[in-house]
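*Asks:* The structure is given below, and queries will be raised subsequently.
All of the numbers you see were taken from the coordinates with simple rules; none came from a lab. All figures in this text were calculated on a predicted structure; none of them were measured in a lab.
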């Protein structure tokens, strides 16, 4: 599996908010800048078959109306699967209507929205998705995505729980929110490094880092706990 980062930032940083492609058919998170980033890559958005949204904060899903609209304008006919936590269906419907005065049924193609919960698992195409809730200010689900013997895990926002730790065990790549130390509902790169070590993950990719975090100091601490750690830039691709 290949992971291409469209954005790696938090809500108010100078980098687009965290979003990435898994191969070319799975999009994880869809913030306000996600469609713009796809266009900068000259990427055909119709390649996307599955969209995963970890939670309903603006930097993670406010790009959904833009994505749905551009797919409609480009003549998409095949169905689109959207996965998210409980309650995400109505939030997407409301956002689409607010943005374009449209209902989902007005689009040219079918959209299947699946609401998942802590501990659930689903299979779509060649992918297996497993979920665990984190400690965040709203309901947020970590996800592990498995395909062809490889496992990519993404924490979403928030601090990990016991179930999160079990979910990400033996990940080939752990993509972890690494906001900053000292926040009750956010993790840090130090905590992410502990999660990577405890879960026997092979690689830690730190994203969603707080714009005012002393990254050099935090990274020095983290690297004493786990290695390798990658802090990607937008449009970086990591191949498994």
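*Asks:* Considering every pair of different Cα atoms, what Kirkwood radius, in Å, is found for segment 75-164?
*Replies:* When all Cα pairs of segment 75-164 are included, the Kirkwood radius is 14.6 Å.
*Asks:* For segment 22-63 and segment 187-211, what is the separation of their Cα centres, given in Å?
*Replies:* 22
*Asks:* Averaging sequence separations of C-alpha pairs under 8 Å and six or more residues apart, then dividing by the length of segment 2-239, give the relative contact order as a whole percent.
*Replies:* This gives 17 percent for segment 2-239.
*Asks:* Same structure, new question: Find how much the distance from residue 124 to residue 214 grows on full extension, using 0.36 nm per residue of separation minus their present alpha carbon separation; answer in nm with one decimal.
*Replies:* Value of the extension gain: 28.4 nm.
*Asks:* Still on this structure: For segment 39-96, what D do you get in µm² per second when you plug the Kirkwood radius from alpha-carbon pairs into Stokes-Einstein at 37 °C and 0.692 mPa s?
*Replies:* Details: Rh = 12.2 Å.
Diffusion coefficient, whole number: 269 µm²/s.
*Asks:* So what is the diffusion coefficient of segment 1-135 in µm² per second by Stokes-Einstein at 20 °C and 1.002 mPa s, using a Kirkwood Rh over Cα pairs?
*Replies:* This corresponds to a translational diffusion coefficient of 142 µm²/s.
*Asks:* Which value in deg cm²/dmol, rounded to the nearest 500, describes the helix-derived mean residue ellipticity at 222 nm for the chain, given -39,500 (n - 2.57) per DSSP H run of n ≥ 4 and division by the residue count?
*Replies:* Helix contribution divided over all residues of the chain: -6500 deg cm²/dmol.
*Asks:* Relative to the longest principal Cα axis of the chain, at what angle does helix 64-73 sit, 0 to 90 degrees, rounded to 10?
*Replies:* 40
*Asks:* Per q in 0.15, 0.16, 0.22, 0.25 Å⁻¹, report the Debye log10 I(q)/I(0) for segment 141-213, using one uniform scatterer on each alpha carbon and no solvent.
*Replies:* The calculated log intensity ratios at q = 0.15, 0.16, 0.22, 0.25 Å⁻¹ are -0.41, -0.47, -0.85, -1.08.
*Asks:* Moving on. Seen from all sides and averaged, what is the projected area of the convex hull of the Cα atoms in the chain, in nm²?
*Replies:* Mean projected area for the chain: 11.6 nm², to one decimal.
*Asks:* Please state, to two decimals, what the Cα-based radius of gyration of segment 179-225 comes to when divided by 2.2 N^0.38 Å (N = residues).
*Replies:* After normalising by residue count via 2.2 N^0.38 Å, the value is 1.07.
*Asks:* If you average the sequence gap of Cα pairs under 8 Å that are 6 or more apart and divide by the length of segment 157-227, what percent do you get for the contact order?
*Replies:* For segment 157-227, the relative contact order is 35 percent.
*Asks:* If N is the number of residues in segment 4-49, what value comes out of its Cα radius of gyration divided by 2.2 N^0.38 Å?
*Replies:* The reported ratio for this selection is 1.05.
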